[in-house]
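The values are calculated or read from the model by the stated rules, or taken from the named source; none is laboratory data. The model shown is predicted, which means the values in this text are computed figures rather than measured ones. Because the Cβ atoms are built from the backbone with ideal geometry, glycine has one as well, and the counts that use them run over all protein chains shown.
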Amino acid sequence: MTDRNKVIQMFSGGLDSIISAQIMRNEGFEVIAIHFYTGFNGNMARDIAGKPGEKWTPGQSVVDAARKLDITLMPIDVSVEYHDIILNPRYGYGSAANPCIDCRIFLLIKAREVMEAEGAILVFTGEVLGQRPMSQHRNSLRQVEKRSGLKGRLLRPLSAKLLDPTIPEKEGLVNRDHLYDIQGRSRKPQQELADTFGIDWYPSSGGGCLLTYKQFSKKFDDLLAHSDRDKISLNLLCSLKTGRHIRLESGVKIIVGRCEVENDYLMTLLSPYYWYFEARDFEGPTVFATDEPAEEDFAKIAAITARYGKGRDEESVAVIAKKGDEERVFEVTPSKPEETEKLLIC
Ligand code: SF4
């Protein structure tokens, strides 16, 4: 049964989604705000603190925003399914590793399913016409609307007056005169609108999507160039979020944890499947080989492990390599910085 008063929002917790929610609240709608977790959005530190498979919860700023707006927050973790969207996007990537069109279609399909289950009349987003080059020009807005099965049921309150009217607008359930005609990359109109709503607590910028970062993209491109795409696991993809990535001349990739949090995160992701290296007598990183090392690679990886630890100035450092029940010890001279710098992916 349809509830004419209920609407579904794709809610990021950023300025655009906050004022879009306020617009719909001002029109008297009950808003259910879906906050998706793709595994690659949100705050980096919080992301890497959560292990794959562990229950994810939204950040405090998102929870607080929903409470202040008096909307119902519905967190949905799509990180496992999202793996395929990153690796096999039908519409390709933006300027980095961001498959924005496929991502929008995928998330909007999920939102449509919620709309149907809740009997709501539409899905709305904080999208602004022309704000993002790949996913928010007129054709891509139309395309994702159609491909998500939301034709006529997808409202963008901030740019609605510049777009075709939705079915609820035509039926008079949403007053088009109370919607907006914002377009372009400037945030000023949204900030002014927030002022008129008395909202001064919005975040200065969103948590961001890691897939749009050039640094992430370098690691992603390297992984694709050296792997069979079908065999890239979710854990391997998640390992790109963190650490110092190095590719040896032999082609073997290693990841050096840069702090305890990264070491722990990588350990959870990778240790069941790959060799990892740690200095025996000195503090330092955990280093993971995400390809099977050849015999001559072991000593090289051990030397790099020693180079990033507290024993870097010693003549000889003992490094333990482990994988499952196997364990080996290597006595090595730490490698020189210039030897590893030239192998650095990012
Ligand atoms: S920036 Fe990231 S989360 Fe946003 S549409 Fe693109 S891929 Fe999806």
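Just to be sure before I move on: is Pro89 touching a Gly at 6+ places or on another chain (Cβ under 9 Å) and modelled with pLDDT of 95 or more in the structure I sent? When the stated conditions are applied, Pro89 does not pass them. The numbered conditions (1) in contact with a Cys (Cβ under 9 Å, 6 or more places away or on another chain); (2) modelled with pLDDT of 95 or more are all true for Val287 except (1). Is segment 193-213 home to any residue that is of a type in the set (Asp, Glu), within 14 Å of Ile18 (Cα to Cα), surrounded by fewer than 16 Cβ atoms within 10 Å (Cβ to Cβ) and more than 24 Å from the chain's Cα centre (by Cα)? Yes: segment 193-213 contains one or more residues that are of a type in the set (Asp, Glu), within 14 Å of Ile18 (Cα to Cα), surrounded by fewer than 16 Cβ atoms within 10 Å (Cβ to Cβ) and more than 24 Å from the chain's Cα centre (by Cα). Do we have Ile76 as in contact with a helix residue (DSSP H, G or I) (Cβ under 7 Å, 6 or more places away or on another chain) and either crowded, with 19+ Cβ neighbours inside 10 Å or within 22 Å of Leu154 (Cβ to Cβ) (or both) here? When the stated conditions are applied, Ile76 passes them. Residue check, Leu237 against (1) in contact with a His (Cβ under 7 Å, 6 or more places away or on another chain); (2) away from the ligand (no atom under 16 Å from the Cβ), all met but one. Which one? That leaves (2) as the condition not met.
Would it be correct to say that Gly152 is surrounded by 15 or more Cβ atoms within 10 Å (Cβ to Cβ), without any contact (Cβ under 8 Å) to a residue 24 or more places away in the chain, at positive phi and not aromatic (Phe, Trp, Tyr)? Before you say what the answer is, go through the steps one by one.
On the way: surrounded by 15 or more Cβ atoms within 10 Å (Cβ to Cβ): yes; without any contact (Cβ under 8 Å) to a residue 24 or more places away in the chain: yes; at positive phi: yes; not aromatic (Phe, Trp, Tyr): yes.
Yes.
Candidates are the residues of segment 174-183 that are in contact with an Asp or Glu (Cβ under 9 Å, 6 or more places away or on another chain) and not in a loop (DSSP other than H, G, I, E, B); the one that is surrounded by the fewest Cβ atoms within 10 Å (Cβ to Cβ) is His178.
All conditions in (1) of a type outside the set (Ser, Thr, Tyr); (2) in a loop (DSSP other than H, G, I, E, B); (3) on the phi < 0 side of the Ramachandran plot hold for Leu269, with the sole exception of (2).
For residues in segment 240-254 being away from the ligand (no atom under 16 Å from the Cβ) and within 20 Å of the chain's Cα centre (by Cα), which is surrounded by the fewest Cβ atoms within 10 Å (Cβ to Cβ)? Within segment 240-254, the match that is surrounded by the fewest Cβ atoms within 10 Å (Cβ to Cβ) is Arg244. Residues that are small (Gly, Ala, Ser) and crowded, with 18+ Cβ neighbours inside 10 Å: does segment 218-233 have at least one? There is no residue in segment 218-233 that is small (Gly, Ala, Ser) and crowded, with 18+ Cβ neighbours inside 10 Å.
Are any of the residues in segment 157-173 within 15 Å of the ligand (Cβ to nearest atom), farther than 18 Å from Pro99 by Cα and surrounded by fewer than 16 Cβ atoms within 10 Å (Cβ to Cβ)? Checking segment 157-173: not a single residue is within 15 Å of the ligand (Cβ to nearest atom), farther than 18 Å from Pro99 by Cα and surrounded by fewer than 16 Cβ atoms within 10 Å (Cβ to Cβ). Number of residues in segment 203-253 that are touching an Asp or Glu at 6+ places or on another chain (Cβ under 8 Å) and of a type in the set (A, V, I, L, M, F, W, C) equals 3. Inside segment 184-232, residues that are part of a loop (DSSP other than H, G, I, E, B) and without any contact (Cβ under 8 Å) to a residue 60 or more places away in the chain make up a count of 8. The residue list Leu150, Leu108 contains one member that is within 13 Å of the ligand (Cβ to nearest atom), aliphatic (A, V, I, L, M) and under 23 Å from Val174 (Cα atoms), which is Leu108.
Condition test on Ile121, is it of a type in the set (Val, Ile, Thr), more than 19 Å from Ile32 (Cα to Cα) and touching a residue at least 40 places away in the same chain (Cβ under 8 Å)?
Values: of a type in the set (Val, Ile, Thr): yes; more than 19 Å from Ile32 (Cα to Cα): no; touching a residue at least 40 places away in the same chain (Cβ under 8 Å): yes.
Answer is no for this residue.
How do the pairs read when you match residues in segment 130-144 that are modelled with pLDDT of 85 or more with residues anywhere that are surrounded by 16 or more Cβ atoms within 10 Å (Cβ to Cβ) and among the polar types (S, T, N, Q), using Cβ under 9 Å and keeping only pairs 6 or more apart or on different chains? From residues that are modelled with pLDDT of 85 or more, the pairs are Gly130/Gln136; Gly130/Ser159; Gly130/Gln183; Gln131/Ser159; Gln131/Gln183; Leu141/Ser135; Leu141/Ser159; Val144/Ser135. Would segment 117-139 turn up any residue that is within 30 Å of Asp221 (Cα to Cα), within 16 Å of the ligand (Cβ to nearest atom) and part of a helix (DSSP H, G or I)? Yes, the conditions are met somewhere in segment 117-139.
If the condition is being out of contact with any Pro (no Cβ under 6 Å at 6 or more places or on another chain) and within 11 Å of the ligand (Cβ to nearest atom), then segment 92-103 contributes Gly94, Ser95, Ala96, Ala97, Asn98, Cys100, Ile101, Cys103.
Screening Pro58 against (1) farther than 19 Å from Gln22 by Cα; (2) surrounded by 17 or more Cβ atoms within 10 Å (Cβ to Cβ); (3) within 12 Å of the ligand (Cβ to nearest atom) leaves a single unmet condition, (3).
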